[in-house]
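Visitor: Following this message is one structure expressed as C-alpha cells.
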C-alpha cells in the first residue's frame, strides 16, 4: 500500500505505518501507530525494526492535561526537538522498559480520562509535544502522525519511532522495500499531506 488514504485506513485499523518527508531531520523516516491502538507487539516491532527512540506524540493541550511540559522551553541551547519529560505508568508496569510496559504507559497516557497523577517520571516513553498548528507550523513526523490519526478517527496521539538500518545509519525509504512488501505497510509522505492541506 502507499498514499495518504491507505495510511489513514491502516491507522484506523490499528496498523503501523511509515512516515516520510520530515523536513527538520534531513529526511529521516519513522514508524507510527495510533496510541489508542498500541500493543506490545507493535512496540516490539518498532524496537526491532526501527531501533530508534520510541516516542509518544501529543498536542500541547493533551500535554498540559498530563502535566508534561517541554524540557527546554526557552531559546538558548535549543535543539528544536520538542521533548517533554519521560514518563511511565504509575501502576501496571514493572521495570518499564519491556514492550508490554511501554505499551501500558502509552495506553494510560492516551486514555481520555488520564491525568498527571497517572504517570511518573523519569520513564521509558518519551513525549513529543507537537506544534499547535500541526504540519503547517512544523512539518515533522510527530505532527504528521497526530494529524493522520485524527483523519483516521483514531484519537489525537501517536507512537512514533525513527528507523535505522542494520548498520546503524538512518534508513531511507529505499532501504525498506523488502519490509514494506513483506508487512504490506502503508507509507505517508509529509509533502503530500502539505499539498492536500493547501
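Computed from the coordinates by the stated procedures, all read-outs in this text should not be read as laboratory data. All of these numbers come straight from a predicted model, not from anything done at the bench. Cβ sites come from the backbone with ideal geometry, for glycine too, and all protein chains shown count toward neighbours.
Visitor: Mind giving me the nanometre distance, one decimal, between the label points for residue 165 and residue 23, set 7 Å out from Cα along Cα→Cβ?
Guide: 2.6
Visitor: Can you pull the one-decimal nm distance between simple spin-label points at residue 121 and residue 13, each 7 Å off the Cα toward Cβ?
Guide: Distance between the two pseudo-spin positions: 3.8 nm.
Visitor: Contact order normalised by length for the chain, with contacts defined as Cα pairs under 8 Å and 6 or more residues apart; what percent is it?
Guide: Relative contact order for the chain comes out at 37 percent.
Visitor: Evaluate the distance, in nm, between pseudo-label points positioned 7 Å from the Cα of residue 81 and of residue 181 along their respective Cα→Cβ axes.
Guide: For residue 81 paired with residue 181, the spin-label model returns 3.3 nm.
Visitor: Something else about it: For 137, 156, 174, what's the fewest-to-most ordering of other Cβ within 10 Å of each Cβ?
Guide: Result, fewest neighbours first: 174, 137, 156.
Visitor: Pairs of alpha-carbon atoms within less than 8 angstrom and 6+ residues apart define the contacts here; what relative contact order does segment 134-184 have, in percent? Write out the running numbers ahead of the final one.
Guide: Details: 27 pairs, mean separation 10.2, N = 51.
About 20 percent, as a whole number.
Visitor: Same structure again: Top mean-square fluctuation among 165, 102, 150, Gaussian network model of the chain, C-alpha springs under 10 Å?
Guide: Looking only at 165, 102, 150, the biggest GNM fluctuation is shown by 165.
Visitor: Going by how many other Cβ atoms sit within 10 Å of their own, how do 8, 173 line up, fewest first? Don't skip to the answer; put the middle values down first.
Guide: Details: 8 21, 173 15.
Going from sparsest to densest Cβ surroundings: 173, 8.
Visitor: Which ordering of 94, 39, 20, 105 is given by a fewest-first count of other beta-carbon atoms within 10 Å?
Guide: 94, 39, 20, 105
Visitor: Using helices alone, I'd like the mean residue ellipticity at 222 nm for the chain: each DSSP H run of four-plus residues gives -39500 (n - 2.57), total over residue count, nearest 500.
Guide: -8000 deg cm²/dmol
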